[in-house]
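Everything below concerns the one structure shown next.
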Amino acid sequence: MRWIPVVLVLVLALAGCTPVPPSGDSNPQYLQTADDGFLRGEFSQAAGHYEAFLASNPSHPKRAEILVKAGKCQLGAERPDPAIRLFDEALALLQGGAVRWDAAFRRGVALRMKGETARALEAFRSAASAPAAERGSAVTDDELHYETAVAHFRGGDWKQGQAALTLVRDGGAYRERKAACQGLVAFTVQVGSYAQESHARAQESKLKFHVPSAAVRPVAGADPRFLVSAGSFARYDDARREADRLRSLGFTDAFVIP
């Protein structure tokens, strides 16, 4: 299973947003269509509908919250630049509270996606300094620690990344992602995750025709998995190019870890 950045938590984050009252709104169908599209994973279309709704309702009392939703959709579509623009506009309207921390943290994720590691880590440190109650449920400790670890990895600091990773709970929603990254000192490309070793070995055999270094890595835990991966790369960009190549060869779930 491919981990699309932030998608696994965005549905929960959206569900936790303050409902927007439809009464008196212009083109309220845009907002409903956006929410429906988000939940279906149609992030590009949903972002467009959120922004169309805001254009029709420039003084909406929930403008900041809707901007954050639109930003999350841009993250789900792997478009960090428009996401940052939307989060910046939301942050200019927000004085505090969970929605502000949500926007600030997601902005850090967008910066991490752009490769701006130092700025991403600064955003994550700021979010970590906020009381958990003020951050609310939109930014969990596990997600914060995991994103911090990934930012360190992308910046080439494997020691700090592994240290941050140890703070992620073994039994939480990020347990599989934590397990997949533990012990790594270079980037790799994962093409599959299986509950049964026989299935992983079959995928490994197919992959070896294209990547002789393909291997199966067992991950222990409450939900043991067998990960099929290819290669070891010092640079993230090199690993990303290999993932693109493998997807073009039919390994559609290929993605870079971490």
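The values are calculated or read from the model by the stated rules, or taken from the named source; none is laboratory data. Computed from a predicted model, the values in this text were never measured in an experiment. Reconstructed Cβ throughout: ideal geometry from the backbone, glycine too, with neighbour counts over all protein chains shown.
A few remarks follow.
- Just one residue in the set R154, R177, R135 is outside the structural domain of E65 (by TED's automatic domain parsing) and touching a Leu at 6+ places or on another chain (Cβ under 9 Å); that residue is R177.
- None of V216, V211, V168, V185 is without any contact (Cβ under 8 Å) to a residue 60 or more places away in the chain, β-branched (V, I, T) and more than 22 Å from L246 (Cβ to Cβ) except V168.
- Subset tally (residues that are part of a helix (DSSP H, G or I) and surrounded by fewer than 19 Cβ atoms within 10 Å (Cβ to Cβ)) for the stretch 21-34: 3
- Single condition A180 does not satisfy, out of (1) assigned to a loop (DSSP other than H, G, I, E, B); (2) within 20 Å of R154 (Cβ to Cβ); (3) in contact (Cβ under 8 Å) with a residue 60 or more places away in the chain: (1)
- Looking across the stretch 24-40, the residues that are under 16 Å from G71 (Cβ atoms) and within 21 Å of the chain's Cα centre (by Cα) come down to A34, D35, G37, F38.
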